[in-house]
1. Which value, in debye to the nearest 20, describes the size of the charge dipole of the chain about its Cα centre when Lys and Arg Cβ atoms bear +1, Asp and Glu Cβ atoms bear -1, and nothing else is charged?
2. What size of dipole, in debye to the nearest 20, comes out for the range 285-429 about its Cα centre when the only charges are +1 on Lys and Arg C-beta atoms and -1 on Asp and Glu C-beta atoms?
3. Please list log₁₀ I(q)/I(0) at q = 0.14, 0.15, 0.25, 0.30 Å⁻¹ for the range 344-384, using the Debye equation with identical point scatterers on the alpha-carbon positions.
4. Where the centroid of each part is defined by its Cα atoms, how far is the range 188-253 from the range 312-347 in Å?
5. List the residues, sorted by chain then number, that are 5 or more residues from residue 30 or on another chain and whose placed amide H is less than 5 Å from its amide H.
6. What is the ratio of the Cα radius of gyration of the range 53-160 to 2.2 N^0.38 Å, with N the residue count, to two decimals?
7. Does the range 158-302 come out rounded, prolate or oblate by the C-alpha gyration tensor, with a ≥ b ≥ c the root eigenvalues, rounded set by a/c under 1.5 and, if not, prolate when a/b is larger than b/c and oblate if not?
8. Angle check, please: helix 390-403 long axis (alpha carbons) against the longest principal axis of the chain (alpha carbons), in degrees 0 to 90, nearest 10.
Amino acid sequence: MVDVILGLQWGDEGKGKIVDVLTPDYNLVARFQGGPNAGHTLVFNNNKFILNLIPSGIFRENTLNIIGNGVVIDPVTLKKEIEKLLSSEISDVKERLLISKRASLILPTHKALDSASEKSQGDGKIGSTLRGVGPAYQSKIGRTALRVGDILTPLFNQKYSAIKKLHLKLLEVLNPGSVTEISEEEFMESIEYLKKLKIIDSESFIQDALSRGDKLLAEGAQGTLLDIDFGTYPFVTSSNTTIAGVCSGLGVNPRQIGNVYGVFKGYCTRVGNGPFPTEQDNETGEMLRKTGNEFGATTGRPRRCGWLDLPALKYAVQLNGVSHLIMTKPDVLSGMETIPVCTHYLLHDNQKINYLPYDLEKDIKNPIYNNMPGWKNSLSEVDSYNKLPTEFINYKKFIEDYVKVPVYAVSVGPGREQILYAEKGGIRV
Ligand code: GDP
Ligand code: IMO
Ligand code: MG
């Protein structure tokens, strides 16, 4: 059985923490898309870890972690990440990390292309993390990518030189005269390091494990509104962050998918450019950023903040077939008199709609809010579900009634133990 954790907004919903919390129930945790543009934060035993490529199950000793075929891997980042975990005395990292032969590689020229492409867009730039992810997926779709399996063959250097030549030409077109030297020493060292890791045929490995009855948790990166097909295109990432990405990025079939855990914040954030209807580009947004410590885990950029957007959340729930909702960071909203929640959008012709229009930027005149009464007390110390304040329960119920899926768990702080499961009469539901 494969269960899935997905982000339902624009990323950074707290997926890493939730994966870490749920991992003890699984034998395998696997990333299926994205690359080192992801930044997943885990906090436990007074330590904070940020993972970019390694699945968030790595801290639980009995779990194997897989980087699936759908991921784009920067060997330099991977090596650094492994070394950091080893220096923090995380056990058996190399033994418990398996890498798909079919995963594509991010080359030094992909990173240069990411920067050059953003520069060439001027004001229209995406606000990419500049980790080379978009260009690496372009190579994959363009059928010129180098894959992890290639590094084990004698043709690797020849293929690398050919694709590098092509990229240098592209760079010259995007940004004439700017290409001087592409530094590749660290990359080549990291390729040698990668060769010694456990490189596997992950799709067969996963199918064998599943047929033995193993349980796999698939860890999404980014969020639904950054999906290449269903997100706020072109201000998106270059992979399917939604449920279909699990099948194509791991080689599992839809009938093997069980629970779909959709993670969302009690408000909204976005890092990078693109439409954000409920954004509060004002003191309120500043307050949310400060209280929620909303700064990018990968790039450190301040995240744009705003109110919960229910039409967008419902869209994400429907697209992914979410069976269990997990709300994070409502503790950040504590102490507010009222909490606005967007229920509809008003279009320029004054039509009121409750679905996502084609172009969020141009089509929407303004969001329409319902003001929910806030709760006074801090949530971060609440240690049982039935001690949550009534106003919070009403806020949660309003969301559940709108999207028609129950909230299974509420995260009330960054720590591993700060999680409350939905209970009825003291029993987990
Ligand atoms: P991810 O990319 O979805 O894994 O999320 P990030 O790690 O980029 O961002 C989530 C941030 O919120 C991290 O700093 C987490 O430590 C923190 N966090 C996660 N859950 C909670 C929560 O319930 N409350 C608070 N206050 N912080 C949380
Ligand atoms: P996690 O997994 C938030 C955003 C970037 C940019 C756009 C494209 O931590 O939730 P890219 O580097 O893919 O070319 O950037 O997507 N973005 C993220 N935003 N969380 C992420 O990952 C993100 N990964 C990419 O800021 O707007
Ligand atoms: Mg993140």
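1. On the way: 49 positive and 49 negative charges, 114 e Å.
Magnitude of the dipole: close to 540 debye.
2. On the way: 18 positive and 16 negative charges, 30 e Å.
Charge dipole, the range 285-429, about its Cα centre: 140 debye, nearest 20.
3. -0.50, -0.53, -0.81, -1.05
4. 26
5. Those lying under 5 Å, H to H, from residue 30 are 66, 217, 218, 219.
6. Values: Rg = 15.7 Å, N = 108, 2.2 N^0.38 = 13.0 Å.
Rounded to two decimals, the normalised Rg is 1.20.
7. Values: a/c = 2.00, a/b = 1.06, b/c = 1.90.
It comes out oblate by the Cα gyration axes.
8. 60
No value in this document is a laboratory result; all are computed from the given coordinates. Everything quoted here is computed from the prediction, not taken from an experiment. When we count neighbours, we look across all protein chains shown, and the Cβ atoms used for this are built from the backbone with ideal geometry, even at glycine.
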